[in-house]
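Please read the structure below before turning to the comments.
The values are calculated or read from the model by the stated rules, or taken from the named source; none is laboratory data. Owing to the predicted nature of the structure, the values given are computational and were not obtained by experimental measurement. In this analysis, Cβ positions are derived from the backbone assuming ideal geometry, glycine residues included, and neighbour counts consider all displayed protein chains. Heads up: the accessible areas ignore ligands, DNA and RNA and are worked out on the full protein's heavy atoms, side chains in. Shrake-Rupley method; radii C 1.70, N 1.55, O 1.52, S 1.80 Å.
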Amino acid sequence: METREVSKSSADGLPEAERRGFSRRTILTLAGAFGATAPFGVFGAARALTALPHIPGGPPICRTAASGEAPAGPPRQIKLAWNANAACTVAAAVAKERGIFANHNLDVEFVNFGGTTDQLLEAIATGKADAGLGLALRWLKPLEQGFDVRITTGVHGGCIRLLGSKAAHIDSLDSLRGKTIGISDQASPAKNFSAIFLAKNGINPVQDVEWRQYPTNLLALAVDKGEVQAIAEIDPLPYLWLKDGKLNEIFTNLTGEFASRTCCVLAIRGSLIRSELPVAAALTRSISEAADRVANDPADAAAVYSSYGGKGSVDDLTAMYRTHTHYNHPVGAPLKQQLLLYTDELKAVNVIKKSTDSAKFAERIYLDVLS
């Protein structure tokens, strides 16, 4: 387990970022299912003949690499930025510990990043890291700044939950009206998703609820003290809090129309893609293969995550991973459409600028390195 720490000051001077209608087991839509399988077997030898989209402002990309072969030569060293405490990044740990990176001739060093998201993206864009894993609803706003970073695959869905206090009788969407929701920060993906979901269901996320910020570990305590009546956060803590029996799960980011959405994504610096497409493709395939392994063997994934300091027992983490959709890691047109939808939705809740062209933005921030 090789992990380096990058301090919050590693990118000083950058501006801060601005501030279940269906069961969780709902079968994926056709587009989502295609996205989940696209990295494997559907491209074949045609990869070597298909034109890769040019990154604006960059030199042409060499096409030698999109065959599924590992990069030639000695193992390519890669620095991958991640949050070791986030359950949603487990595919990276599985890829490292179960030899998937090595099978693709990659030697991956983890960079446990502690700064803001725009600092993380700047670190990737400038080569302090080569790639990163994170949540799309955290990354899209900072990506408006134009960092030379491209999303190459979705990783999974299902790690955001909004929970309501049983003592305060929060057991439905409508019961949230006039209530206070605890969040870990004002730009958190859980806050952004919850605002989107509320707005789509007729609850104004500005006027009809109040958002109150607490340190993540104190959110459940804030409910116990009656300071908030609901909390929105990413796993593993919300899943573990449910076990206490004091909270209801009101919705997740797999509820209703979001059942086939990805939430966690892989992004790679543009200069690496342009100069070493085989490496970018190998990294993307590695993460997708590892995500499939998480879906197929959640107990093993839980053991790996636990070995990196993940909170919760292996049994609890195994059960949690079964509720996620690690088999859903879209690429190509399905992923680009999801990014467009997220952009439209973030515009509707005043996170992304109204003037942003969602289709052009999705085209700019996504790049297919596999076909």
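From Cα pairs below 8 angstrom and at least 6 apart in sequence, can you work out the relative contact order of the range 125-190, rounded to a whole percent? Before the final figure, lay out the partial values.
On the way: 20 pairs, mean separation 29.1, N = 66.
That works out to 44 percent.
Please state the charge dipole magnitude for the range 146-304, taken about the Cα centre, from unit charges on C-beta atoms (+1 on K and R, -1 on D and E), reported in debye and rounded to the nearest 20.
Working: 16 positive and 18 negative charges, 50 e Å.
Dipole of the range 146-304, to the nearest 20 debye: 240 debye.
Considering only alpha-carbon pairs that sit under 8 angstrom and 6 or more positions apart, the relative contact order computed for the range 78-129 is 51 percent.
Fully extended, how many nm does the chain gain between Glu257 and Ala319 (0.36 nm per residue separation, minus their Cα-Cα distance)? List each step's numbers first, then the result.
Values: separation 62, 0.36 × 62 = 22.32 nm, distance 2.34 nm.
The span from Glu257 to Ala319 would gain 20.0 nm if fully extended.
Packing around the peptides 319-325, 125-131, 97-103, taken as the average count of other Cβ atoms within 10 Å per residue, puts them in this order, highest first: 319-325, 125-131, 97-103. Here's how it looks for Asn328: its modeled amide H is under 5 Å from those of Gly157, which are all 5 or more places away or on a different chain. Averaged per residue, the range 160-203 has 32 square angstrom of accessible surface, using a 1.4 angstrom probe with ligands and nucleic acids left out.
When a/c reaches 1.5 or more, the comparison of a/b and b/c decides; with that in mind, is the range 79-162 rounded, prolate or oblate per its Cα gyration tensor? Please report the intermediate quantities before stating the final value.
Working: a/c = 1.82, a/b = 1.22, b/c = 1.50.
Here the range 79-162 falls in the oblate category.
Potential lengthening of the chain between Asn296 and Glu227 amounts to 20.8 nm, from the contour at 0.36 nm per residue minus the alpha-carbon distance.
Sorting 329-338, 71-80, 362-371 by their mean Cβ neighbour count within 10 Å, with the most densely packed peptide first, gives 329-338, 362-371, 71-80.
Each part reduced to its alpha carbon centroid, the range 158-234 and the range 98-140 end up 29 Å apart.
What ranking of Leu237, Leu162 comes out by heavy-atom accessible area, probe 1.4 Å, highest first? Walk me through the intermediate numbers first.
Working: Leu237 30, Leu162 0 Å².
The most accessible residue leads, giving Leu237, Leu162.
Using only the Cα atoms of the range 252-367, build the gyration tensor, take square roots of its eigenvalues as a ≥ b ≥ c, and label the shape rounded, prolate or oblate: rounded if a/c is under 1.5, else prolate if a/b is larger than b/c, else oblate. Oblate, because a/c is 1.5 or more while a/b does not exceed b/c. Take every pair of alpha-carbon atoms less than 8 Å apart whose residues are at least six positions apart; their mean separation over the length of the range 286-365 yields a relative contact order of 25 percent. Taking amide H as placed 1.01 Å from N in the peptide plane, the amide H of Ile170 sits under 5 Å from that of Ser165, each at least 5 places away or on another chain. Computed from label points 7 Å out along Cα-Cβ, the spacing between Ser275 and Lys360 is 3.0 nm. In this rough spin-label picture, where each label sits 7 Å from Cα along the Cβ direction, the Gln186-Ala303 distance is 4.5 nm. Ordered by solvent-accessible area of protein heavy atoms (1.4 Å probe), largest first, the residues Glu109, Glu227 come out as Glu227, Glu109.
Taking 28 Å as the limit for the C-alpha separation, the pairs Lys200/Lys225; Lys225/Lys311; Lys166/Lys191; Lys141/Lys225 exceed it in the case of Lys200/Lys225; Lys141/Lys225. Relative to a virtual label point 7 Å from the Cα of Leu242 in the Cα→beta-carbon direction, which members of the range 260-278 show backbone nitrogen distances below 20 Å? Under 20 Å, as judged by backbone N against the label point of Leu242, lie 260-264 of the range 260-278.
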